[in-house]
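All remarks here apply to the structure that follows.
The values are calculated or read from the model by the stated rules, or taken from the named source; none is laboratory data. The shown structure was predicted, so the numbers you read here are calculated from the model rather than taken from an experiment. Heads up, the Cβs are rebuilt from the backbone with ideal geometry, glycines too, and the neighbour counts pull from every protein chain shown. Just the protein is used for accessible areas: all its heavy atoms, side chains included, with ligands, DNA and RNA removed. Shrake-Rupley method; radii C 1.70, N 1.55, O 1.52, S 1.80 Å.
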Amino acid sequence: MKQAAWILGDQLSLRNSALQRLDKRSDVVIMIESLEHARQLNHHKAKLMLCFSAMRHFRDELRQKGYAVCYEELGNGKNFLQALRDAVATHRIERLFVMSPREYATVKFAESLSEKLNIDVALTPDSMFLTDRDDFVKKHRGKKRLIMENYYREMRKKLNVLMQNGKPVGGEWNYDKENRQTAKALVESRLKIPPVWKPERDAIDREVEALVEKFFPNNIGATEHFCLPTTRRDAERFLDDFIEHRLAHFGDFEDAMLQNELILFHSVISPLINIGLIEPTQCVEKAVEAYRNGRAPLNSVEGFVRQIIGWREFIYGCYWLKMSETDYHEENFFNHERPLPDFYWTGETKMNCLSNAIQKVLKFGYAHHIERLMVLGNFALLAGVKPKQINQWFWEFYLDAYDWVVTPNVIGMSQFADGGFVATKPYCSGAAYIDKMSDYCKSCSYSPKEKTGENACPFNYLYWDFLMRNEAKLRPNNRIAVIYGALDKMPSEQKRAIRESAEKFLSNLKPNAYYS
Ligand SMILES: Cc1cc2nc3c(=O)[nH]c(=O)nc-3n(C[C@H](O)[C@H](O)[C@H](O)COP(=O)(O)OP(=O)(O)OC[C@H]3O[C@@H](n4cnc5c(N)ncnc54)[C@H](O)[C@@H]3O)c2cc1C
Ligand code: SF4
């Protein structure tokens, strides 16, 4: 029986479970660049370049390994179904394997293929995660909230990572207390932030770059600053570069933000791991090895391992759990309805932290976790932006954005729109946090110290206004009882001034013209 495996653009792993079902002497791999699919959202140009170039390099890697690959290029203009029908007819395919897609809508499409193609279609398990998502869903179904830290500890035990005699190495599960050094501490340490290794572009990269300009001329962002690997070999070298030069200080300065630095000591592996060019186990093994041979301290290695086997896996499980029960995209715990401000497309705002973070994203399709959470997401939450709009923005503007990872991070962690399923309390703050963790406020036209009025940082009055507006929903949350205690002591005149400043500021925000 002639068989095929359809490999999607975010499944470029040699461990792809559909690929492993094939006999390469007789079977065929199908890969499709679908213009229709890519145009469903206004993706950043650099993301399109990464995806299509990585797909073409994977095609060549498979051919070198002896697989027959039927590859549909963007220029042919076929959608997934047309391309699959043609491949089935041309190669007389009788059975198609598809590794279970990671996005809910694509799974539904894959499940309908047997009927549409009139052949046997089998979905194989997603082999690119350490979590079995069906088990996760079964185990946690019906729960109102999940705690990442509990899941992380289970994973440490299950995978035997940083464990010794059944106990965590070093005696603690989590070294986050040591991982909150400020921007000021970073500057004073005089540490040199190492440059990131950049691969050379090859002919495929250049060809794809031209295609992106041809087919997506009006998409956001640009490809000229693109410097990520598009082959597995380069992706591995990119990971090694992080382990060798940045991991040692990853933990200490994980939360620090500098306006003239994009990456600091972060890894920037999310765009690569999310499409399968590197694997979670590789990241963990290399980091643990660096700890074992004294090249990186425990707080950094544990912090990095927690991101990979804790947060990333947990977020994946949460997406599948929520999507099996409801449409996660539609959740809106606070009933926020404000359109996302227009400046998220331009960076044109007097608020320096927002302007700078947005410009980084426009240019590179990247900003690190704290800029996403405590600047871009924090503002949208405090301003009462419709969660679905800020979710779409993150999905379109980032190189590493896919539904399974954007939605729980934005709807759940950043906007608390799921009412606390992913996060135990809203991640929000006034200017004090941003001022402490960054150098943004020094060059801002607003004052982080002033609480109300023209010169006051909008984060300050928006923060209290948000807490007052949502008091009925938030006061019962024990984790923020102290904050409501402070609000109770606030003179009513000050509360009035906060409301007035917030109202004036919010009424001057220009709504975007892109999302409904
Ligand atoms: C509002 C918001 C939106 C986000 N959108 C995305 C997204 O579209 N795609 C994405 O991959 N991550 C997303 N994240 C999670 C996290 O911010 C990014 O994974 C991280 O910033 C990527 O940069 P890095 O590779 O340098 O990460 P590092 O700081 O070096 O961390 C290492 C790795 O850990 C993993 N990781 C850490 N935290 C998370 C998390 N919360 N969820 C999933 N993986 C995590 C990533 O694979 C990351 O590459 C988002 C977080 C927030 C708060
Ligand atoms: S003062 Fe406020 S708006 Fe300006 S950079 Fe600081 S936190 Fe951002």
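Any idea what angle helix 280-292 forms with the longest principal axis of the chain, computed on alpha-carbon atoms, 0 to 90 degrees, nearest 10?
Tilt relative to the chain: about 60 degrees.
So, in nm, how far is label residue 94 from label residue 218 when the simple model puts each one 7 Å beyond its Cα toward the Cβ?
Calculated label separation equals 4.9 nm.
Assigning unit charges at the beta carbon (Lys, Arg +1; Asp, Glu -1) and nothing else, what dipole magnitude in debye, to the nearest 20, does the chain show about its Cα centre?
880 debye
Which distance in nm do the two modelled labels at residue 282 and residue 118 give, with both placed 7 Å along the Cα-to-Cβ direction?
Here the modelled spin labels are 4.2 nm apart.
Can you give the FRET efficiency to the nearest 0.05 for residue 488 and residue 332, using r as the Cβ-Cβ distance and R₀ = 30 Å?
It comes out at approximately 0.60.
Over the range 138-221, what per residue volume does the convex hull of the Cα atoms give, in whole Å³?
Dividing the Cα hull volume of the range 138-221 by its residue count gives 319 Å³.
Compare the Cα positions of 159, 122, 104 along the charge dipole of the range 10-165 (+1 at Cβ of Lys, Arg; -1 at Cβ of Asp, Glu; about the Cα centre) and return the one farthest towards the positive end.
Checked the options; the winner is 159.
Quick check on my link table: of 24/116; 360/386; 350/495; 157/473; 360/510, which ones sit more than 30 Å apart, alpha carbon to alpha carbon?
Over 30 Å Cα-Cα: 157/473.
Determine the share of the chain's accessible area contributed by carbon and sulfur atoms, expressed in whole percent, with a 1.4 angstrom probe.
Answer for the chain is 48 percent, counting heavy atoms of protein chains only.
Extending each Cα 7 Å along its Cβ direction at residue 26 and residue 473, get the distance between those two points in nm, one decimal.
5.8 nm
Between residue 447 and residues 5 or more places away or on another chain, which pairs have amide H atoms under 5 Å apart, with H built 1.01 Å from N, and which residues are they?
Amide H neighbours of residue 447, under 5 Å, 5+ apart: 456, 457.
Run the numbers for residue 158 and residue 200: contour at 0.36 nm per residue of separation, minus the present Cα-Cα distance, in nm.
11.2 nm
If you put +1 on each Lys and Arg Cβ and -1 on each Asp and Glu Cβ, how big is the dipole of the range 273-340 around its Cα centre, in Debye rounded to 20?
My answer is approximately 440 debye.
What do you get when you divide the Cα radius of gyration of the range 342-507 by 2.2 N^0.38 Å, with N the number of residues?
1.02
Quick query: amide H of residue 419 versus all other amide H atoms, modeled in the peptide plane; which residues come in under 5 Å with a sequence gap of 5 or more or a different chain?
333
Can you give the accessible area per residue of the range 342-507, in Å², using a 1.4 Å probe?
I get 37 Å² per residue for this part.
Name the long-range amide H neighbours of residue 251: under 5 Å, sequence gap of 5 or more, or other chain; modelled H, no Pro or chain starts.
300
In the chain, what is the volume of the convex hull around the alpha carbon atoms, normalised per residue and reported in Å³?
Per-residue hull volume (Cα only) is 157 Å³.
Restricting things to alpha carbons, tell me how big the range 3-124 is in terms of Rg and Dmax, in Å.
Here Rg and the maximum Cα pair distance are 13.5, 40 Å.
Which value, in debye to the nearest 20, describes the size of the charge dipole of the range 3-124 about its Cα centre when Lys and Arg Cβ atoms bear +1, Asp and Glu Cβ atoms bear -1, and nothing else is charged?
240 debye
Ranked highest first by average number of other Cβ atoms within 10 Å, how do 78-88, 506-516 line up?
Going by the mean number of other Cβ atoms within 10 Å, highest first, we get 78-88, 506-516.
Take every DSSP beta bridge with both residues inside the chain and express the antiparallel ones as a percent of the total, to the nearest 5.
Rounded to the nearest five, the antiparallel share is 15 percent.
Using every Cα-Cα pair within the range 258-361, state what percent have a distance larger than 22 Å.
58 percent
Using r as the Cβ-Cβ distance of residue 295 and residue 324, and R0 as 41 Å, what FRET efficiency do you calculate, to the nearest 0.05?
0.45
Provide the per-residue ³J(HN,Hα) series for the range 59-67, in order, calculated from phi with Karplus coefficients 6.51, -1.76, 1.60 and θ = phi - 60°, each as a whole number of Hz, with x at glycine and proline positions.
With the stated coefficients, the range 59-67 comes to 3, 5, 4, 5, 4, 4, 8, x, 7 Hz.
Just subtract the alpha-carbon distance of residue 35 and residue 150 from 0.36 nm times their residue separation and send over the number in nm, one decimal.
In short, 37.3 nm is gained.
Provide the packing ranking of 452-460, 122-130, i.e. peptides ordered by the mean count of other C-beta atoms within 10 Å per residue, highest first.
The most tightly packed comes first, giving 452-460, 122-130.
Quick one: Karplus J couplings for the range 452-457, per residue in order, coefficients 6.51, -1.76, 1.60, θ = phi - 60°, nearest Hz, x for Gly and Pro?
In residue order, the calculated couplings are 9, x, 4, 8, 5, 4 Hz.
Give me a comma-separated list of calculated 3J(HN,Hα) values for the range 329-335, in order, Karplus coefficients 6.51, -1.76, 1.60 applied at θ = phi - 60°, integers in Hz, x for any Gly or Pro.
My calculation for the range 329-335 gives 4, 8, 5, 7, 3, 8, 6 Hz in order.
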